[in-house]
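The values are calculated or read from the model by the stated rules, or taken from the named source; none is laboratory data. None of the values given here were measured: they were computed from a predicted structure. Positions of Cβ are generated from backbone atoms using ideal geometry, with glycine treated the same way; all protein chains shown enter the neighbour counts.
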Amino acid sequence: MIKKHFPLKLVVLLFLLFSVDITFSQDDILPSILIPSKLKENANAVVRNASIEITIDDFDKMIVKKREVVTVLNKLGNVDARIAEAYDEDTKITDLSATIYDAFGKEIKRYKERHFEDVSAVDGGTLYSDSRVKYVNYTPISYPYTLVFESEYKTSTTGFIPLWLPVNGYFVAVENSTYKINNPNKIPWRFKKTNFKGFPIETKESETEITYSIKNQPAYKYENSTVHYREILPKAVITLNKFALKGVTGEYKNWKEFGLWMNTKLLNGRDVLNPSTIAKVKSLVQGVENPIEKAKIVYKFMQDKTRYISVQVGIGGWEPIAANEVDKVGYGDCKGLTNYTKALLKAVGVTAYYTVVYADEKRDIDKDFSSMQGNHVILNIPNEGNDIWLECTSQTIPFGFLGDFTDDRNVLVVTPEGGVIKRTSTYKDKKNLQTTVGEIKLRKDGSLKATLKRVSKGLQYDDKSGYEGYTDEELYKSYKTNDWSYNNNLEIESAKLTNNKTDVVFTEEIEASIKNYATINDTEYIFRVNVFGRNSYVPKRYRKRKLPLKIYRGYKDEDTFTITIPEGYNLQSLPPEKVITSKFGNYKVNISKIDNSSFSYHRTISIKEGVYPKEDYELYRSFRRSIAKYENIRIVITPK
């Protein structure tokens, strides 16, 4: 008798496969032990098998069938196991199910469509919406587990064709993902592929079918100060030249034509105002000739009269509420409030254009590929090459200021002649300026008293202006736990805030004290010289950096303090001037004696926004490490 020796790993695997109730199809190998080890590395979840199949029967008939098998390895991977499908009056779900399996591939829970919750697709801040979602809120009992989610829907809206984003973020690996779009009637379409190079993607493209697939793609591990995953991971976008959106048809091949469609179908006729409102705003600007000054007056009128409430209806959430309706009720969403402001400006003879933008995340409208893009609307006022941009959803933001919500990105400006790609205002590097001037008096017991005046501009204004809405208690707590958390025993005695919206400048005048700041013994009095501006940030170390370095926002901080030492002490030698220069920015500290009892401390730090190759990361880390070291410099004074 011949004895066969099987590897222990194989014996265990065979046992697992045949000792559980195998209920899955042959296409799915569900036990997590079968995931290749290279796909588990750096992964919180592994997409085992994902497929999207789209059929375009006509410019207004589309069927979307999705199937996703995802193994969640740990708690952080739950975000990649979504069990939800959206629908509305224009979209009908025809198939919906989900099944959960344990680590061995044994079924834990099965959900049919009747088990799904059916709720509004928007949060409580939305007044009304026709968008809904069916979902399951599954709470895992152990890890890993595997989700098999299947859905199918039919829709007459073809303006939004699901894109292919096979690797949907960092820490996600993909074993197999396929995207297929059928176009049997050869409806004219366009498509764009991004970041395909360097990935194991197979493609097939014809007039009637497009297929993309990827296999065995390891997870990307997020690294600090790097690019958004959209900038490096593959993506494919498809759009029809002729489409339907909530029963409204459109046809375009470029941004000019798309903007013309928006202006004609979505905006035209929705800027009508009641005669009394027109008379009101005309009276407000009476005697004012400059169009920008008129716009400032009208903008303030709009801010005082309205408030933001999300309203997600009207041609797929793309059509604004009519201006006279916003005028009547006093609220609207970004579309309604922007359209209303545009109508008010038109009434006083100021030209302004409705503008589509990606808000929050700094993301461009793709200038080279026209399609349904954007998630927010702002207003553009042409101004002889120096465009003015208005955020119409805020009652407090200054005229012409965007902040980091919509700054420095490509946007679509909708004019009667068509769409135009422009770029919003940029707040870069030294424009984001914070200056602090003050006096610090050190006391014999080691405590100190300080008065300081901090002035913020650009995006630093954006960071601070929200303080105006704080109570004193909230403001003082913010100073102690956020701004100067490194100072133990800090007490804020008073704070006066001034918000100059005309010049977009925020000023804080603060009186503060700190107990036990200095270390005292019989022979020395030791204290850190940088009291209210310490920046000790040092980027995380990576032995083998794999991703580019990205500094998202540049800025400049400048501090000037007069520091008085206690009576009975000598001010002797002071540290020499320190200058650090690099491609990422500059740092300079100058400490100079005023007289025997006081000295000045002047410090500037400027950081440059930019994207740098991964090889520069260690240089940047070294630059920040050198700064952090000097930010903690101490001065020693001795008794007389």
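Matching residues to (1) more than 30 Å from Lys608 (Cα to Cα); (2) of a type outside the set (Lys, Arg):
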position: Tyr212; (1), (2): yes, yes
position: Lys235; (1), (2): no, no
position: Lys246; (1), (2): yes, no
position: Thr249; (1), (2): yes, yes
position: Tyr252; (1), (2): yes, yes
position: Thr264; (1), (2): yes, yes
position: Asn268; (1), (2): yes, yes
Practice problem: Those residues that are crowded, with 24+ Cβ neighbours inside 10 Å and either without any contact (Cβ under 8 Å) to a residue 40 or more places away in the chain or outside any helix (DSSP H, G or I) (or both), I need them from region 316-351; list them, please. | Solution: Pro320, Val326, Gly332, Asp333, Gly336
Quiz item: In region 494-520, what residues are of a type in the set (Phe, Trp, Tyr) and either under 22 Å from Phe401 (Cβ atoms) or within 31 Å of the chain's Cα centre (by Cα) (or both)?
Solution: Phe506
Practice problem: Inspect region 428-437 for any residue being over 30 Å from Ser513 (Cα atoms), touching a strand residue (DSSP E or B) at 6+ places or on another chain (Cβ under 8 Å), crowded, with 20+ Cβ neighbours inside 10 Å and among the polar types (S, T, N, Q) and give the result as yes or no. | Solution: no
Quiz item: Is it the case that region 192-201 has a residue that's more than 30 Å from Pro539 (Cβ to Cβ), more than 24 Å from the chain's Cα centre (by Cα) and not in a loop (DSSP other than H, G, I, E, B)?
Solution: yes
Exercise. Could you pull out the residue among Ser573, Ser536, Ser592 that is outside any strand (DSSP E or B), free of Cβ contacts under 8 Å to residues at least 60 places away in the same chain, assigned by TED's automatic domain parsing to the domain that holds Trp484 and among the small types (Gly, Ala, Ser)?
Key: Ser573
Exercise. Please work out which one of (1) outside any strand (DSSP E or B); (2) in contact (Cβ under 8 Å) with a residue 12 or more places away in the chain is the condition Ala173 fails and give its number.
Key: (1)
Exercise. Test Lys444 against the criterion of being in contact with a Pro (Cβ under 6 Å, 6 or more places away or on another chain) and surrounded by fewer than 17 Cβ atoms within 10 Å (Cβ to Cβ), and give yes or no.
Key: yes
Quiz prompt | Selection count, region 166-176, where residues are surrounded by fewer than 19 Cβ atoms within 10 Å (Cβ to Cβ) and over 12 Å from Asp80 (Cβ atoms) | solution = 1
Practice problem: Might you let me know whether region 529-536 holds any residue that is in contact with a Pro (Cβ under 9 Å, 6 or more places away or on another chain) and within 24 Å of Ser600 (Cα to Cα)? | Solution: yes
Self-check item: Filter result for Val414 (hydrophobic (A, V, I, L, M, F, W, C), modelled with pLDDT of 95 or more, surrounded by fewer than 17 Cβ atoms within 10 Å (Cβ to Cβ) and in contact with a strand residue (DSSP E or B) (Cβ under 7 Å, 6 or more places away or on another chain))
Solution: no
Quiz item: Has region 240-255 got any residue that is hydroxyl-bearing (Ser, Thr, Tyr) and either touching a residue at least 60 places away in the same chain (Cβ under 8 Å) or within 30 Å of Ala322 (Cβ to Cβ) (or both)?
Solution: yes
Quiz item: For region 67-83, does any single residue satisfy the condition of being loosely packed, with under 15 Cβ neighbours inside 10 Å and small (Gly, Ala, Ser)?
Solution: no
Practice problem: Among what's in region 102-134 and is at pLDDT below 95 and of a type in the set (Ser, Thr, Tyr), pick the residue that is farthest from Cys334 (Cα to Cα). | Solution: Ser120
Self-check item: Tyr601 being out of contact with any strand residue (DSSP E or B) (no Cβ under 6 Å at 6 or more places or on another chain), among the hydroxyl-bearing types (Ser, Thr, Tyr), within 26 Å of Ser485 (Cα to Cα) and not assigned by TED's automatic domain parsing to the domain that holds Glu223
Solution: no
Practice problem: Out of Val298, Val357, report the one residue that is touching a His at 6+ places or on another chain (Cβ under 7 Å) and either among the small types (Gly, Ala, Ser) or touching a residue at least 40 places away in the same chain (Cβ under 8 Å) (or both). | Solution: Val357
Practice problem: Kindly indicate whether any position in region 614-622 is part of a strand (DSSP E or B) and either touching a strand residue (DSSP E or B) at 6+ places or on another chain (Cβ under 8 Å) or on the phi > 0 side of the Ramachandran plot (or both). | Solution: no
Practice problem: Please work out if Ile492 is under 30 Å from Glu567 (Cα atoms), free of Cβ contacts under 8 Å to residues at least 40 places away in the same chain and not assigned by TED's automatic domain parsing to the domain that holds Glu223. | Solution: yes
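Matching residues to (1) under 19 Å from Gln373 (Cβ atoms); (2) surrounded by fewer than 19 Cβ atoms within 10 Å (Cβ to Cβ):
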position	(1), (2)
Thr239	yes, no
Gly247	no, yes
Lys280	no, yes
Lys294	no, no
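Quick grid of which residues meet (1) touching a His at 6+ places or on another chain (Cβ under 9 Å); (2) touching a residue at least 40 places away in the same chain (Cβ under 8 Å):
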{"site": "Ile381", "(1), (2)": "no, yes"}
{"site": "Glu384", "(1), (2)": "no, no"}
{"site": "Asp387", "(1), (2)": "no, no"}
{"site": "Thr393", "(1), (2)": "yes, yes"}
{"site": "Val437", "(1), (2)": "no, yes"}
{"site": "Ser456", "(1), (2)": "no, yes"}
